[in-house]
Amino acid sequence: MHNQSKEFNVIGKNVIREEGVGKVTGLGKYAIDLEMPRMLWAKIKRSTRPHAKIINIDITRAKKLAGVHAVLVDKDCPQTLFGFGCYDEPLLARGKVRYIGEPVAAVAAESEAIAEQACDLIEIDYEDLPAVFDVHEAFGTNPPVIVHEEQAKYRRVPIGPVQYDPKHPNAFGYYRIRTGDVDKGFGEADVVLEKTYSNAMMAHATMERHNSVSQWDADGNVTVWSSSQAAYPLLNQISEALDIPHSRIRVIIPKYVGGGFGGKIEMKAEGLCAVLSRAADHRPIKIIYTREESLCWAGVQHPFEMKIKSGVKKDGTIVSCEMFVLVNGGAYAQHGFLVTRQASYGPLGSYRFPNFKLDNYVVYTNNPPGVAYRGFGNTQIHFALESHIDELAHAIGMDTYEIRRKNVLVEGEINAAGEIQHSVAGSELLDEIKSGLERHGPLKRGEGPWRRGRGIAFANKDSVAPSASSAIVKVHNDETVEVRHSAGNIGQGSSTTLIQIAAEFFKVKPERVKTAEVDTWVTPYDQLTGSSRITFAAGNAVLMACQDVKNQILEMAAEVMQAAPDELDLADMRVFVKSNPNRFMAVRELFRTVFFTGSFLPKGGELLGKATFTVPSSKIDPETGHAADDGMRKIFSFCTRAAQAVEVAVNIETGQVKLEKIAIANDVGKAINPMSCEGQMHAALSMGLGQALSEEFQLNEGGISNADFSSYRFLTAKDAPPNDFVSTHIVEIPQFDGPYQAKGFSEATVSPTAPAIANAIFDAVGVRIRHMPMTPERVLRALDEIHLKQKD
């Protein structure tokens, strides 16, 4: 447990979440709750084919249906392409469909029921085309299908090596890293091990389904309300898709968003709703995805296949590592190129590799598109790496803790991509999880069908760079502090973190600080709520904006108090003379009143502090993936690490796996709100447990057969260990450039769960499962294979 700090007034304290009362009382309103006068409802007609030419779309009957106000197909939309780094996607299918579920037509009507009925009346004639679903088949130099024939012409954000290679016409993203000589390293190794690991396609499964309302005004501006986790990226994508300037677009995200996990970064139906609104006499248009649409067609987690070959000395020193990764990107690029890049660096944030080689391709198929998922590919890459590290340890007869201690990167070390490691925990995390699990006593292996084992895993998550966050801090005439930012709170408690940062700066109680609703006409730029960046990036911006408004207050007070600004200080909204604290004035006294018309400032208009915090990155060599030796050696904003130790029980008759005990340790920099940190650890446990044991889409020729909560295999609270057997360990390694030395950590805490469980299964029953989820069927199959080998 974390001991609350006495050093600060607010930082390190368990402050109640800003949105807590609204959630428990039901007064908090989500975008999905929004209704407006004269509002119409939208529905989308989606493809039933994985790959087909569109021969004809007959909307005649749909348009004649009473209550229908607009029916759109591609020719009615701007003829643009949008994307997130690779611009390849139209608002509605153009010429052909590339996956089951792709939007083909859209309807606006007086009710959801009428809109759905109109969609049923739309008739589409297809000419089926061959489809490709297997990533190896799609990656080939002569694939049976080219999913995007025009890929070479697509606009792209330049990142890393050349992203399109006509030798692999379905690969739309590529990243490589080169360090040393891997073949030489393998020659120096005592043991060389080569294995392949993979994961299934998964859903984000946010409780609040994707939804949006769009409306145009008389001045030609469009306002979009959304449950997005990225207001400014959404604004930018709407601008590109509709070909209108940013100044004409207003994006509003309510204070209450029912989850994101990376699945609400990109534009979904927001742009389409805006086009429908314009076609329906500028009436507001609302769309709420069905559970099937939100689970399957709003973006999924990317399936990875990861081949790892490593060489290790008998003393546990890893001397060489080679990785080849194929990412099934689905039918459109969306976040695939960035997931590929982020995942490529994942192994290098944990361990030293004197010789390292990686090739990572993300490939178009006719599956649903993959998007960012909590960890940006790190959950997949660390499942493979941490399973592999365990296999190396067993191959040389070494303790699994000790092989990690032997190879973990330490403070100030330069990793295999040339980046300096700053403010990172290593052995501290391993010590915490070891003691956390051992407090339950020695492992009892068990008899009969249930066998027990223990396993550990270590992981990291780098936060994206370049990075930028802006903030505005207003001090009102009643001395309330208002923080305006666009780093949306999607359930993780980030607004409370920013409140605590501002409250600590002004030495006021958190109750005197509030945040504004995200509104791009009011709140300034933020890159996105993602990549564990809000505490660090937005937190620094808020601190800088607080300092800016404090300087204004001291300047104004100096005139009144007849003192120089540098002779003054501010605490609890009192300006005082440093040398004589009893000589002070209240900030509210800076305001003036005119009769009964309210108050104003004599000059300056408002007490308004503004700031932007940016993190640059070093130039990256596209051939090696290395950071330039420019004094920074920076590829990412910061690195956070996590470790977990678990005890599982495996039923050798049914294949069932139960997580019985777990110790979770995270490197957080400084815990601004320890209770919120522990909440994130518990929440990540449930997500990691589902990834490990049950969650996967059942795919057949591009179609998903378990597209609802009754058939998609979620785990629930009863599947997690009792709280007495869950220990959380906050490790505070000060982040040298973080606000109050803090940083984000929540993504990293998801990654160790699945590999720790895989390693514990091996410890329990001697079978190695290299594909997640590790379902009872897969465990039984592996046990049967061992029995057959033993008989032979």
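Round to the nearest 0.05 the FRET efficiency obtained for residue 447 and residue 621 when R0 = 56 Å and r is the Cβ-Cβ distance.
Between residue 447 and residue 621 the formula returns 0.50.
How much of the DSSP beta bridge set in the chain is antiparallel, as a percent to the nearest 5?
In the chain, DSSP labels about 80 percent of beta bridges as antiparallel.
Roughly how many Å is it from the Cα centre of the stretch 722-749 to that of the stretch 448-482, as a whole number?
8
Output the peptides 473-482, 19-28, 631-640 sorted from most to least packed, where packing is the average of other Cβ atoms within 10 Å over each peptide's residues.
631-640, 473-482, 19-28
Could you sort 679-687, 651-659, 157-165 so that the peptide with the highest average Cβ count within 10 Å comes first and the rest follow in order?
Ranked from most to least packed, the peptides come out as 679-687, 651-659, 157-165.
So for the chain, taking the charge dipole from beta-carbon charges (+1 Lys/Arg, -1 Asp/Glu), which of 787, 577, 677 sits furthest toward the positive end?
So the residue we want is 577.
Cα gyration tensor of the stretch 623-776, axes a ≥ b ≥ c as square roots of the eigenvalues: rounded (a/c below 1.5), prolate (a/b > b/c) or oblate?
prolate
Accessible area of residue 297, 1.4 Å probe, to the nearest 10 Å²?
Residue 297 exposes around 50 Å² with every protein chain in place.
Straight-line reach from residue 153: which lysines fall under 21 Å, measuring Cα to Cα and dropping same-chain residues less than 8 apart?
Of all the lysines, those that pass the test against residue 153 - Cα under 21 Å, at least 8 places apart if same chain - are 53, 75, 96, 167.
Taking a ≥ b ≥ c as the square roots of the eigenvalues of the Cα gyration tensor of the stretch 525-601, is the shape rounded (a/c under 1.5), prolate (a/b larger than b/c) or oblate?
Oblate, because a/c is 1.5 or more while a/b does not exceed b/c.
Quick one: how many Å² of residue 583 are accessible to a 1.4 Å probe, rounded to 10?
Rounded to the nearest 10, that gives 100 Å².
Using a 1.4 angstrom probe on heavy atoms only, work out the carbon and sulfur share of the accessible area of the stretch 235-390 in %.
Roughly 48 percent, rounded to a whole number.
Could you report the stretch 8-101's accessible area per residue, 1.4 Å probe, as an integer in Å²?
In whole numbers, the stretch 8-101 has 47 Å² accessible per residue.
Defining a contact as two alpha carbons under 8 Å apart and six or more residues distant in sequence, what relative contact order in percent does the stretch 653-749 show?
Normalised by residue count, the contact order of the stretch 653-749 is 53 percent.
How big is the antiparallel share of DSSP beta bridges in the stretch 276-405, given as a percent to the nearest 5?
45
Beyond 21 Å between alpha-carbons counts as too far, so tell me which of 29/610; 264/474; 474/603; 195/313 fall in that bin.
The pairs that break the limit, which is 21 Å between Cα atoms, are 29/610; 264/474.
For the stretch 545-585, what % of the accessible area comes from carbon and sulfur atoms, probe 1.4 Å?
43
Here are several values of Cα extents along the principal axes in Å: (i) 98, 73, 51; (ii) 107, 92, 45; (iii) 133, 84, 52. Which one was derived from the coordinates shown?
Checked against the structure: label (i).
Which order do peptides 368-375, 753-760, 310-317, 728-735 fall in by mean Cβ count within 10 Å, highest first?
Taking the mean over residues of other Cβ atoms within 10 Å, the ranking is 753-760, 368-375, 728-735, 310-317.
Taking the Cα centroid of the stretch 352-425 and of the stretch 560-626, what is the distance between the two, rounded to the nearest whole Å?
44
Residue farthest toward the positive end of the dipole of the chain, with Cβ of Lys/Arg at +1 and Asp/Glu at -1: which of 394, 323, 171?
Working it through, the farthest residue towards the positive pole turns out to be 394.
Which of the listed residues, 271, 216, 87, is farthest toward the dipole's positive end in the chain, when Lys, Arg count +1 and Asp, Glu count -1 at the beta-carbon?
Positive-most Cα among the choices belongs to 216.
Rounded if a/c is under 1.5, else prolate if a/b is larger than b/c, else oblate: which is the stretch 568-708, with a ≥ b ≥ c the root eigenvalues of its Cα gyration tensor?
In terms of gyration-tensor shape, prolate.
Which FRET efficiency value, to the nearest 0.05, is calculated for residue 396 and residue 572 with the Förster distance at 60 angstrom and r the Cβ-Cβ distance?
Computed FRET efficiency for residue 396 and residue 572 comes out at 0.50.
For the pairs 309/461; 461/743; 314/357, flag any whose C-alpha to C-alpha distance is greater than 18 Å.
309/461; 314/357
With charges only on Cβ, +1 for K and R and -1 for D and E, what is the dipole size of the chain about its Cα centre, in debye, rounded to 20?
I would put it at about 600 debye.
Report residue 588's accessible area, 1.4 Å probe, all protein chains in place, as a number in Å² to the nearest 10.
120
Tally the DSSP beta bridges in the stretch 638-731 and give the antiparallel ones as a percent, rounded to 5.
Expressed as a percentage, antiparallel bridges in the stretch 638-731 total about 65.
Give the relative contact order (percent, whole number) for the chain; include only Cα pairs under 8 Å separated by 6+ residues.
After rounding, I find 16 percent.
The values are calculated or read from the model by the stated rules, or taken from the named source; none is laboratory data. The model shown is predicted, which means the values in this text are computed figures rather than measured ones. Cβ sites come from the backbone with ideal geometry, for glycine too, and all protein chains shown count toward neighbours. Heads up: the accessible areas ignore ligands, DNA and RNA and are worked out on the full protein's heavy atoms, side chains in. Shrake-Rupley method; radii C 1.70, N 1.55, O 1.52, S 1.80 Å.
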